[in-house]
């Protein structure tokens, strides 16, 4: 959680390029989390069918 607050705090004091970079990092992190949740749910469904 501290990492996210550091990124956002740095973004607020950064240039446009830095802000875009941080937004890219946050978007990538969100995609990883969404993919992980999806795979976990699919695995749970698969386990129920066996």
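Observations on the structure shown:
- Note on residue 49 and residue 1: with the Förster distance fixed at 35 Å, the Cβ-Cβ geometry gives a FRET efficiency of about 0.45.
- Among (i) 6.1; (ii) 2.8; (iii) 3.8, the entry derived from the coordinates for mean projected area of the Cα convex hull in nm²: (iii)
- Spin-label pair residue 8/residue 25, simplified geometry with 7 Å Cα→Cβ offset, distance in nm: 1.4
Only the coordinates and a few stated rules stand behind these numbers; no lab work does. Bear in mind that the values here come from a model prediction, so they are computed numbers and not experimental data. Every residue, glycine as well, gets a Cβ built from its backbone with ideal geometry; the counts of neighbours run over all protein chains shown.
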